[in-house]
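Below is one structure, written out as structure tokens; the observations come after it.
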Amino acid sequence: MIHYTPYIPLFPFIAFVINILFGRYVRKGAALISIAASLAACAVALPAIAYVVHHGAYSVQTEWLLLGKKTLSFGVLLDPLGCVLLFVVTLIGTLIQVYSAGYMHDDAHFSRFFAYVSLFMAAMLTLVIANNYLLFFMAWEVMGLCSYLLIGFWSEKNSAADAGRKAFLTTRVGDIGFFIGIMTLFAGAGTLNFADLGHAAHLMENTPLLTAAALLIFCGTVGKSAQFPLHVWLPDAMEGPTPVSALIHAATMVAAGVFLIARSFPLFEAAPDAMQTVAVIGTMTAFMAAFIALSATDIKKVLAYSTISQLGYMVAALGLGGFAAGTFHLMTHAFFKALLFLGAGSVIHGCHTQDLREMGGLFGKMKHTAATFVLASLAIAGVPPLSGFWSKDEILAAAYTAHNPVIYWTLALTALMTSFYMFRLVFMAFFGKPRNPKIHAHESPAVMTVPLWLLAIGAVLAGIPGSPFMHHWFQNFLAGGVHAGGHAAGHGSEHVIIPFVVATSLAAAFGGIISAWFLYLKNPGLPAIISRVFRPLYTASLNKLWFDEIYTILFIRPFGAMSRALYRIDEQVIDYLVNKTGLATARTSRIKGWIDKHIVDGLVNLTGWTVQLASALVRLLQTGYLQHYVLIAFLGTIVLFFIELRK
């Protein structure tokens with residue numbers, strides 16, 4: 001089955017073609033087509049993953065373009081790192097589509113939704129198995145298009161249309177840097193193949209060119225994975241349907257940015273300055289987003305900022321050299337974050353509101369949704385033995401062994417805030433008394449709750465492969481997927497239990513839960529008092545640190561003013577000159593037309609008339625009678641005779 005790996009993205013792509021062309025005919029069958037395609041991709045992907053586990057990486061390629069002495073090729077690379085994402089995308093993507101069949105059932109554009117989701121899946125799967133940056137970037141850009149289409153899917157709402165444009169334009173900033181980074185790498189190393197990165201990094205180790213290439217490639221991650229300062233698009237992406245939020249924030253788009261760093265890890269290892277930048281940006285993003293999530297009251301916005309924070313965690317881990325830790329958290333996070341978003345969608349489906357302040361007491365009315373949501377919250381909080389505990393502990397261990405106390409304690413504080421804001425959400429939504437008597441909540445149908453329980457299993461068990469009980473099998477498996485030839489798979493300290501780190505992790509997890517319980521269940525009036533006491537901090541969190549306002553002042557308004565000025569110049573100067581030039585040209589052409597018609601054509605016609613008159617006179621002599629010709633010849637002879645006599 002390994003030889004069918006290149007065809008994995010083809011299944012969802014075929015589903016996209018069928019649904020986009022024949023959606024009006026298949027209607028609700030569009031869901032079955034997309035789900036069947038995803039299951040087919042799973043059926044091919046799982047044996048391929050098993051092959052890599054037992055036999056090592058699989059690679060095949062074909063030459064595409066010759067540029068002087070350099071060759072560009074397309075191909076497939078499935079190594080342990082690729083297997084992790086292939087497993088996550090096919091499995092979680094399929095469950096999200098099953099859930100979507102219930103969530104989007106009454107939508108007027110049902111088939112178009114599944115067409116876009118299938119194209120999204122096809123692009124992500126292509127990215128996962130791509131063997132070079134060129135094919136990777138092509139799939140990357142298709143994903144950007146799909147995110148625009150899905151975030152703005154309900155385009156009749158201005159907020160959704162604006163969010164789609166914001167996501168598309170913001171991520172384009174990072175993509176431009178990514179593309180320049182690819183070209184810089186090609187110019188310096190002469191290759192874009194991932195398998196050659198180790199050799200390329202060795203040739204260019206710690207050079208300014210390699211550092212520049214690594215930082216420019218990292219720009220792609222900053223855009224796609226919503227890292228500071230390009231994080232502002234992701235919270236607004238909540239305007240899309242909730243399954244889209246789960247797909248973007250768990251299985252596809254944001255995961256692609258972290259995957260890019262992991263795939264490029266040999267380059268970053270050989271460029272220490274770039275590596276340090278990655279760690280700092282990731283840490284800043286993790287802390288900042290967690291701080292903003294503390295005051296959010298929209299259930300999806302809380303999860304959006306949680307996603308940004310957790311992505312920051314992964315990026316920081318990779319920047320600290322924790323290749324296995326960052327990749328491990330990417331996998332576990334995909335399960336519990338998909339579960340959280342789908343659980344939030346189930347809450348919205350049952351309550352018809354996203355405002356936490358209007359919820360309360362939902363546990364008794366939505367038992368399946370509530371139970372799975374609590375499990376996912378425990379996982380993201382880092383409560384053992386759930387998956388988040390093992391992966392988050394690995395990241396803290398990477399920070400601890402990097403001997404960077406600032407990053408370590410910042411990430412530990414972020415873990416505390418994560419636990420707090422997640423259980424603030426849980427207690428506000430599912431416990432206590434109902435706050436709005438007009439809301440009559442009901443459980444979602446089985447087509448939505450069954451995927452929740454399947455994802456809950458993943459949220460509980462996904463951490464086991466990387467736990468000490470399995471002798472850190474996950475980390476050892478990943479060691480065969482990095483082509484640096486060094487210690488890129490992760491430092492040895494990641495594979496041992498550090499009591500101090502474990503104690504910090506547990507204190508953060510349970511400290512956040514207990515604090516949320518004390519403030520939102522035990523003393524529900526206390527948060528309002530605290531927000532007044534710490535008014536500046538609360539206001540900063542509530543206003544999302546004013547990033548949107550700052551960007552509006554620094555970029556949106558100046559560019560808006562500049563575009564309006566250029567429009568006026570275009571309309572009043574350029575268009576004026578063009579119009580006057582056109583008017584002058586029209587008048588000149590009319591004059592030229594008159595000269596052509598009355599003078600040039602007149603001379604031509606006069607010549608024609610002269611020839612015609614001469615021919616008429618000559619024709620008088622051509623009577624056809626012999627005696628006339630003899631007479632003319634005789635007269636001519638006499639004339640010639642008299643002319644000769646006069647000489």
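Here is a list: A195, A200. Which entry is within 29 Å of A57 (Cα to Cα), touching a helix residue (DSSP H, G or I) at 6+ places or on another chain (Cβ under 6 Å) and in contact (Cβ under 8 Å) with a residue 40 or more places away in the chain?
A200
Looking at (1) surrounded by fewer than 19 Cβ atoms within 10 Å (Cβ to Cβ); (2) closer than 25 Å to H333 by Cβ; (3) free of Cβ contacts under 8 Å to residues at least 60 places away in the same chain, which is the one condition that is false for L65?
(2)
Looking at this structure, is A565 more than 30 Å from L169 (Cα to Cα), surrounded by 10 or more Cβ atoms within 10 Å (Cβ to Cβ) and among the aliphatic types (A, V, I, L, M)?
no
When you scan the range 97-105, do you find a residue that is assigned to a helix (DSSP H, G or I), free of Cβ contacts under 8 Å to residues at least 60 places away in the same chain and of a type in the set (S, T, N, Q), even just one?
no
Could we say that L39 is under 25 Å from the mean Cα position of the chain (by Cα), closer than 29 Å to L452 by Cα, assigned to a helix (DSSP H, G or I) and at pLDDT 95 or above here?
yes
Which ones in the range 401-419 are over 22 Å from L340 (Cβ atoms), surrounded by fewer than 21 Cβ atoms within 10 Å (Cβ to Cβ) and not small (G, A, S)?
Passing the criteria: T401, H403, N404, P405, V406, W409, T410.
If you check every pair at least six apart or on different chains, which have Cβ atoms under 6 Å apart with a residue in the range 333-356 that is surrounded by fewer than 24 Cβ atoms within 10 Å (Cβ to Cβ) first and a residue that is of a type in the set (D, E) second?
Q354/D298
Scan the range 264-304 residue by residue and report those that are over 17 Å from L356 (Cα atoms) and small (G, A, S).
S264, A270, A271, A274, A279, G282, A286, A289, A290
Can you name every residue in the range 436-452 that is surrounded by 15 or more Cβ atoms within 10 Å (Cβ to Cβ) and either in contact with a strand residue (DSSP E or B) (Cβ under 7 Å, 6 or more places away or on another chain) or in a loop (DSSP other than H, G, I, E, B) (or both)?
Hits for the range 436-452 are I439, A441, E443, S444.
Would you mind finding the one in M238, M284 that is surrounded by fewer than 24 Cβ atoms within 10 Å (Cβ to Cβ), farther than 16 Å from A398 by Cα and aliphatic (A, V, I, L, M)?
Within the list M238, M284, the selection yields M284.
Those residues that are in contact with a His (Cβ under 9 Å, 6 or more places away or on another chain) and not in a helix (DSSP H, G or I), I need them from the range 390-423; list them, please.
Passing the criteria: only A402.
Just checking: which of the helices (runs of 4 or more DSSP H) contained wholly in the range 106-224 hold 3 or more residues that are under 21 Å from the mean Cα position of the chain (by Cα) and either farther than 22 Å from L267 by Cβ or acidic (D, E) (or both)?
Hits in the range 106-224: 110-129, 133-151, 158-189.
Given the options F153, F168, name the one that is modelled with pLDDT of 90 or more, surrounded by fewer than 21 Cβ atoms within 10 Å (Cβ to Cβ) and in contact with a Phe, Trp or Tyr (Cβ under 8 Å, 6 or more places away or on another chain).
Criteria check complete, one pass: F168.
Out of Q612, Q572, Q627, which single residue is among the polar types (S, T, N, Q) and either assigned to a loop (DSSP other than H, G, I, E, B) or modelled with pLDDT under 85 (or both)?
So the residue among Q612, Q572, Q627 that is among the polar types (S, T, N, Q) and either assigned to a loop (DSSP other than H, G, I, E, B) or modelled with pLDDT under 85 (or both) is Q627.
Filter the range 194-231 down to the residues that are polar (S, T, N, Q) and surrounded by fewer than 22 Cβ atoms within 10 Å (Cβ to Cβ) and list them by number.
Selection gives N206, T207, T211.
Name the residues in the range 517-548 that are under 14 Å from A296 (Cβ atoms) and among the small types (G, A, S), would you?
Result: S531, A540, S541.
I need the full set of residues from the range 434-481 which are among the charged types (D, E, K, R), modelled with pLDDT under 85 and in contact with a Gly (Cβ under 9 Å, 6 or more places away or on another chain), in order please.
R435
Out of contact with any Cys (no Cβ under 6 Å at 6 or more places or on another chain), in a helix (DSSP H, G or I) and under 24 Å from H109 (Cα atoms): which single residue out of A50, A15 fits that description?
After applying the criteria, what remains is A15.
Filter the range 1-36 down to the residues that are within 21 Å of the chain's Cα centre (by Cα) and of a type in the set (G, A, S), then identify the one that is surrounded by the most Cβ atoms within 10 Å (Cβ to Cβ).
Filtering the range 1-36 for residues that are within 21 Å of the chain's Cα centre (by Cα) and of a type in the set (G, A, S), the one surrounded by the most Cβ atoms within 10 Å (Cβ to Cβ) comes out as S34.
If you check V618, V578, which single one turns out to be part of a helix (DSSP H, G or I), of a type in the set (A, V, I, L, M, F, W, C) and within 49 Å of the chain's Cα centre (by Cα)?
Within the list V618, V578, the selection yields V578.
Pick from the range 514-538 the residues that are polar (S, T, N, Q) and more than 20 Å from S309 (Cβ to Cβ): which of them is nearest to the chain's Cα centre (by Cα)?
So the residue we want is S531.
Checking the structure you have, find out if any residue of the range 544-562 is in contact with a helix residue (DSSP H, G or I) (Cβ under 8 Å, 6 or more places away or on another chain) and of a type in the set (S, T, N, Q).
Scanning the range 544-562, I find no residue that is in contact with a helix residue (DSSP H, G or I) (Cβ under 8 Å, 6 or more places away or on another chain) and of a type in the set (S, T, N, Q), so the answer is no.
Identify, please: which residue in the range 37-55 is under 14 Å from C83 (Cβ atoms) and not hydrophobic (A, V, I, L, M, F, W, C) and is, among those, surrounded by the most Cβ atoms within 10 Å (Cβ to Cβ)?
Among those that are under 14 Å from C83 (Cβ atoms) and not hydrophobic (A, V, I, L, M, F, W, C), it is Y51.
The values are calculated or read from the model by the stated rules, or taken from the named source; none is laboratory data. Small disclaimer: the values here were computed from a predicted structure and weren't measured. Counting neighbours? That spans all protein chains shown, and the Cβs are built from the backbone with ideal geometry, glycine included.
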